[in-house]
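> Quick one: this structure, given as structure tokens, is what I'll be asking you about.
The values are calculated or read from the model by the stated rules, or taken from the named source; none is laboratory data. Predicted model only: the values in this text are computed from it and were never measured. We place every Cβ from the backbone using ideal geometry, glycine too, and count neighbours over all the protein chains shown.
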Amino acid sequence: MAGTSPYVVVHGGVHKTATSHVQSILQRNAGRMRKRGVHYIHHRDTRKDYTYPCQLNGYEKLGLGYRTKVPDAELAERARRFFEAVGAGPDERIILSDENMPGHCGHCVGSGMLYQRRDTLLPIFAGQIPYPVQEVHLALRNYADFFAAAYVEYLRSASSDRVIGEARMKRRVLSRMPSWRGFVELVQQSFPRARLILWRHEDFRALSDRVIGNICGPGLDASDLASPKRTRGRPTASHRAVHELLTRINREGGEAALARRVEIQKAYPRGEKWPAYDPWTPEERAHLARLYDRDVAGIRGDLDVTFLEPENQGGPCSAHAAP
């Protein structure tokens, strides 16, 4: 039976899980998809015109004192205009993709938590969508690599002399013992009618066509979609680059050192010569891996989710059939 509303799909990242790659494919094929009733909203437009106003509304509720205020009535009107501009008809697919819906991953660094403002921000993001959200797609990443990548992102945007050091970040993470389970449960509560499709970032290479095909929906073959044009991305910080930056922060002060962060990243790019940033000892990494494996097993076994697995690992493991 046909519905009366568009079919809304949310791809929520999370950060550092190939989200930019997925978004680039969706944007490259947006015109083609629109002809088939699939409306991908460019992630920059989603972020600027929808996610950020939702966050400003949440920051005011949290008492954070941001200069720009977006009260409830204004947010509702901005959300209405945002979705109305999409022009999607009944049963046509709207795809929102923004990993920032629970907050910025750099915020995880100081607290050692997975998005410490999520309890406020996620429900606001979900609650302002005027149509029922039918699907939410999320990747999870092992804790050691997620927090290492989040720390690099934090250093990219830090602007203060009071830079959080590596040792403090590690202490916070190890003392808080992060858990994706609580995050997934909040997503379920925020999108109560949605089917939740999850996968591990570590499996993404084997799953990429299925992930993108699931987001686009039936009638579009992900393997037939055009690949994004190559662009020059920003340099990826290596372990050497991060420690060079931290050394200069201690020696020169945060403001002077951070002003040279791009120069340092270019001098020590991640690659064969300089490996990825990894602040963890083998024992710490093994501990975080055990937590991750335990939490993924609990999410798979206890929650009503679809969990995608590579075909050579026995197919999907979920509470119902994978899409």
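> Does the range 96-125 hold any residues that are farther than 20 Å from LEU26 by Cβ and part of a helix (DSSP H, G or I), and which are they?
Scanning the range 96-125 gives HIS107, CYS108, VAL109, GLY110, SER111, ARG118, ASP119, THR120, LEU121, LEU122, PRO123, ILE124.
> Within the range 101-146, count every residue that is surrounded by fewer than 19 Cβ atoms within 10 Å (Cβ to Cβ), closer than 18 Å to ARG47 by Cβ and small (Gly, Ala, Ser).
Qualifying residue count for the region: 2.
> Now a separate question. Would you confirm, using the coordinates I've provided, whether LEU122 is over 30 Å from GLU255 (Cβ atoms) and either touching a residue at least 12 places away in the same chain (Cβ under 8 Å) or acidic (Asp, Glu) (or both)?
Considered against the rule, which asks whether it is over 30 Å from GLU255 (Cβ atoms) and either touching a residue at least 12 places away in the same chain (Cβ under 8 Å) or acidic (Asp, Glu) (or both), LEU122 comes out as yes.
> Kindly indicate whether TYR277 is modelled with pLDDT of 90 or more and either surrounded by 12 or more Cβ atoms within 10 Å (Cβ to Cβ) or touching a His at 6+ places or on another chain (Cβ under 9 Å) (or both).
Criteria met by TYR277.
> Taking the condition of being surrounded by 14 or more Cβ atoms within 10 Å (Cβ to Cβ) and either assigned to a helix (DSSP H, G or I) or out of contact with any helix residue (DSSP H, G or I) (no Cβ under 7 Å at 6 or more places or on another chain) (or both), how many residues in the range 166-181 meet it?
Of the residues in that region, 9 qualify.
> If ARG200 satisfies every condition in (1) closer than 14 Å to LEU138 by Cβ; (2) of a type in the set (D, E, K, R); (3) surrounded by fewer than 18 Cβ atoms within 10 Å (Cβ to Cβ) but one, which is the exception?
(3) is the only condition that ARG200 fails.
> Checking TRP274 against (1) more than 17 Å from GLN23 (Cα to Cα); (2) in a helix (DSSP H, G or I), which test does it fail?
Going through (1) more than 17 Å from GLN23 (Cα to Cα); (2) in a helix (DSSP H, G or I) one by one, TRP274 breaks only (2).
> Give me a count of the residues in the range 57-69 that are buried (at least 20 other Cβ atoms within 10 Å of the Cβ) and of a type in the set (A, V, I, L, M, F, W, C).
So the count comes out to 0.
> Residues to consider are GLU311, GLU284; find the one that is surrounded by fewer than 17 Cβ atoms within 10 Å (Cβ to Cβ), at pLDDT 90 or above and farther than 20 Å from PHE191 by Cβ.
On inspection, the qualifying residue turns out to be GLU284.
> Also, I was wondering about something else. Condition test on GLU185, is it modelled with pLDDT under 85 and part of a helix (DSSP H, G or I)?
So GLU185 does not fit the description; no.
> Out of the range 173-206, which residues are over 16 Å from the mean Cα position of the chain (by Cα) and of a type in the set (A, V, I, L, M, F, W, C)?
Correct list: VAL173, LEU174, MET177, PHE191, ALA194, ALA206.
> In this structure, does VAL136 turn out to be modelled with pLDDT of 95 or more, hydrophobic (A, V, I, L, M, F, W, C), in contact with a His (Cβ under 9 Å, 6 or more places away or on another chain) and over 22 Å from ASP293 (Cβ atoms)?
In short, yes.
> Only one of (1) assigned to a helix (DSSP H, G or I); (2) among the charged types (D, E, K, R); (3) farther than 25 Å from ALA30 by Cα fails for ARG193. Which number is that?
Only one criterion in (1) assigned to a helix (DSSP H, G or I); (2) among the charged types (D, E, K, R); (3) farther than 25 Å from ALA30 by Cα is unmet by ARG193, namely (1).
> Out of all the residues in the range 248-271, which are surrounded by 14 or more Cβ atoms within 10 Å (Cβ to Cβ), within 25 Å of the chain's Cα centre (by Cα) and in a loop (DSSP other than H, G, I, E, B)?
Selection gives ARG270 alone.
> Right, here's the next one. How many of the residues making up the range 202-246 are part of a loop (DSSP other than H, G, I, E, B) and modelled with pLDDT of 85 or more?
The total comes to 7.
> Could you figure out which of (1) in contact (Cβ under 8 Å) with a residue 12 or more places away in the chain; (2) more than 18 Å from VAL136 (Cα to Cα) isn't true of ASP224?
It is condition (1) that ASP224 fails.
> Among the residues of the range 263-292, which ones are among the hydroxyl-bearing types (Ser, Thr, Tyr) and out of contact with any helix residue (DSSP H, G or I) (no Cβ under 7 Å at 6 or more places or on another chain)?
Result: THR281, single match.
> Have a look at GLY103, GLY58 and point out the one that is under 24 Å from MET177 (Cα atoms) and either aliphatic (A, V, I, L, M) or touching a residue at least 24 places away in the same chain (Cβ under 8 Å) (or both).
GLY103
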